[in-house]
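Q: The structure under discussion is supplied below as structure tokens; questions concerning it will follow.
The values are calculated or read from the model by the stated rules, or taken from the named source; none is laboratory data. Predicted, not measured: the structure shown is a model, and the values here were computed from it. Don't worry about glycine lacking a Cβ; one is built from the backbone with ideal geometry, like all the others, and counts go over all protein chains shown.
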Amino acid sequence: MTTNPVHPRPTPMYDRSTQVDRSADSINFGIGQPDFALLPHALMSEVAAERFAEGDTELLNYGFPQGDGRFRWALAEFLSRGYGAPVQPQQLMITAGASQALNLVCTLFTRPGDTVFVEEPSYFLALRILQEDHRLNAVPIPTDEHGLVLPAVEDALTRHRPVLLYTIPTYQNPTGRTLSHSRRQQLLALAEQHDFQIVADEVYHLLDFGSPPPAPFAAYADSGRVLSLGSFSKILAPGLRLGWVQTSEQQARQFADSGLVDSGGGLNQFTSNLVRVALEGGGQQDYLDSLRRAYKKRVEAMDAALHKHIGDRAAWTVPTGGFFFWLTCADDFLAAANRSTAAATPGQFNTTALLDAAADAKVGFLPGPRCSSVGALNHCLRLCFAHYPIPEIHEGIRRLGRVFDTFQ
Ligand SMILES: Cc1ncc(COP(=O)(O)O)c(C=O)c1O
């Protein structure tokens, strides 16, 4: 008889206490969440009243395993329009958000010790689900301006046999970058050739600020190689805990056949019934359009403030969608900062050190190493432009500029 090897939980590579300072006088660009003031209270209260008025027993009952049928029809129609590619309700498995979807993917398709390819950098909490909760062996793959570097994937495939490749192809968290169309095609070919699944976390795909991105991986769901994760967290409200997996019909049924769903029924029956009304009545689309307009202005504000207060001490590209700026500190700045901090922490200057000084100046960000599966990237930092209105963006970046000043 063979026994499973024991895969201990890895020790976290970073100090979690540094993530979220919510004190009222602090401006923390490390918070990667929508602005609380923009959340759709009025819309949700209207659709709730309308749905309750419909008066059937389904609303508060256990739900259909794959997700409420009328909701999946409405979602499929909404996504078909947004993606510019047909989505079938049978391809959708409704979940309680993208995080839960990722967790369920790992539960159903992996075992501890399996290998998963991840982007370097990646969404820090997805890394936690993969590495800590499911004890998977995360292999970092470098990214550039156009996303995953394909020769690096090919090279890693000569040494590893991944079960999954986890990617955030569009307006990536944390870099804001988008995988090009041709790289998407090459990745699909590699998945077929080397027998792995692409877990495409596409939660930002619909959040473009003008020109639409390349077709999502969701458009290739029928290939059987793609698990596309979507969510209402960034396009409506995170507290709804509502998301989906789009994949082949066969795999969608596999999710619905899981023990979790067998016991608890559809994963978000109540909320999905409310959101269905917002989809059918056009409220979701209008709200999304208003978010796009608001976020576009915030991007412009943050870019202008960065030019004014940080200048050439860091490099960034202006995001065309999503939530984030990714700053790479310039070598000159790092060298000067290293010299200025040498007495206290010889050779140790990095953005995590910068974070301590930032806390004193009442400004925050997410340091690069949090976004690395191997604790690297300590010359980078992530700033979220979505959480604060424009005056706070100006003030917060002004404070960050002052913090940079102290290190030169
Ligand atoms: C890439 C990515 N995936 C998933 C999530 C979380 O999604 P949800 O709220 O649907 O679980 C986030 C939130 O920051 C994210 O950036």
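Q: Inside the range 105-128, can you point out the residues that are within 15 Å of the ligand (Cβ to nearest atom) and of a type outside the set (V, I, T)?
A: Residues satisfying the conditions are C106, E119, E120, P121, S122, Y123, F124, L125, A126, L127, R128.
Q: Looking only at the range 260-267, decide whether some residue is more than 16 Å from the ligand (Cβ to nearest atom), of a type outside the set (F, W, Y) and farther than 22 Å from L59 by Cβ.
A: Checked the range 260-267: no residue is more than 16 Å from the ligand (Cβ to nearest atom), of a type outside the set (F, W, Y) and farther than 22 Å from L59 by Cβ.
Q: In addition: Could you grab me the full set of residues in the range 164-186 that are more than 16 Å from L229 (Cβ to Cβ) and more than 16 Å from the ligand (Cβ to nearest atom)?
A: Selection gives S180, H181, S182, R183, Q185, Q186.
Q: Quick one: in the range 315-339, of everything that is outside any helix (DSSP H, G or I) and among the aliphatic types (A, V, I, L, M), which residue is farthest from the chain's Cα centre (by Cα)?
A: So the residue we want is A330.
Q: Taking the range 65-81, which residues are away from the ligand (no atom under 16 Å from the Cβ) and closer than 15 Å to L229 by Cβ?
A: Within the range 65-81, no residue meets the criteria.
Q: Here is a follow-up. As an exercise: evaluate E50 against (1) within 16 Å of the ligand (Cβ to nearest atom); (2) among the charged types (D, E, K, R); (3) farther than 30 Å from G368 by Cα and give the number of the one condition it does not meet.
A: Among (1) within 16 Å of the ligand (Cβ to nearest atom); (2) among the charged types (D, E, K, R); (3) farther than 30 Å from G368 by Cα, E50 violates only (1).
Q: On to the next question. Quick one: in the range 340-356, of everything that is exposed (fewer than 12 other Cβ atoms within 10 Å of the Cβ) and over 30 Å from Y388 (Cα atoms), which residue is modelled with the lowest pLDDT?
A: Taking the candidates together, the pick is A343.
Q: Please verify whether the range 324-333 includes one or more residues that are surrounded by fewer than 19 Cβ atoms within 10 Å (Cβ to Cβ) and within 26 Å of A126 (Cβ to Cβ).
A: Within the range 324-333, one or more residues are surrounded by fewer than 19 Cβ atoms within 10 Å (Cβ to Cβ) and within 26 Å of A126 (Cβ to Cβ).
Q: Which of the residues that make up the range 202-227 are within 12 Å of the ligand (Cβ to nearest atom) and either within 14 Å of V87 (Cα to Cα) or among the acidic types (D, E) (or both)?
A: Residue satisfying the conditions is E202 alone.
Q: Just wondering, is there one or more residues in the range 137-150 that are more than 16 Å from the ligand (Cβ to nearest atom) and within 30 Å of Q269 (Cα to Cα)?
A: no
Q: Quick one: count up the residues across the range 349-405 that are among the aromatic types (F, W, Y) and free of Cβ contacts under 8 Å to residues at least 60 places away in the same chain.
A: Total satisfying the criteria: 1.
Q: Continuing with this model, one more query. Please go through (1) more than 16 Å from the ligand (Cβ to nearest atom); (2) touching a residue at least 40 places away in the same chain (Cβ under 8 Å); (3) not assigned by TED's automatic domain parsing to the domain that holds I198 for R293 and return the number of the only condition it doesn't satisfy.
A: If we test R293 against (1) more than 16 Å from the ligand (Cβ to nearest atom); (2) touching a residue at least 40 places away in the same chain (Cβ under 8 Å); (3) not assigned by TED's automatic domain parsing to the domain that holds I198, just (2) comes out false.
Q: Please go through (1) touching a residue at least 60 places away in the same chain (Cβ under 8 Å); (2) over 28 Å from V277 (Cα atoms); (3) among the basic types (K, R) for R184 and return the number of the only condition it doesn't satisfy.
A: Here R184 meets the rest and fails (1).
Q: Next question, about the same structure. Could you list, in sequence order, all residues of the range 288-320 that are crowded, with 20+ Cβ neighbours inside 10 Å and either over 21 Å from P389 (Cβ atoms) or among the hydroxyl-bearing types (S, T, Y) (or both)?
A: Y295, R313, A314
Here is a yes/no grid of residues against (1) out of contact with any strand residue (DSSP E or B) (no Cβ under 8 Å at 6 or more places or on another chain); (2) surrounded by 22 or more Cβ atoms within 10 Å (Cβ to Cβ):
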{"residue": "P169", "(1), (2)": "no, yes"}
{"residue": "A189", "(1), (2)": "yes, no"}
{"residue": "D195", "(1), (2)": "yes, no"}
{"residue": "D208", "(1), (2)": "no, no"}
{"residue": "A219", "(1), (2)": "yes, no"}
{"residue": "D222", "(1), (2)": "yes, no"}
{"residue": "F232", "(1), (2)": "no, yes"}
{"residue": "W244", "(1), (2)": "no, yes"}
{"residue": "R253", "(1), (2)": "yes, no"}
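Q: Just checking, how many residues over the range 87-97 are within 14 Å of the ligand (Cβ to nearest atom) and surrounded by fewer than 24 Cβ atoms within 10 Å (Cβ to Cβ)?
A: Result for the range 87-97: 2.
Q: Being touching a Leu at 6+ places or on another chain (Cβ under 8 Å) and either within 16 Å of the ligand (Cβ to nearest atom) or closer than 23 Å to F217 by Cα (or both) is the filter here; which residues of the range 243-259 pass it?
A: G243, W244, V245, Q246, T247, Q251, A252, Q254, F255
Q: If you go through the range 349-406 one residue at a time, how many are part of a loop (DSSP other than H, G, I, E, B) and touching a Leu at 6+ places or on another chain (Cβ under 7 Å)?
A: 4
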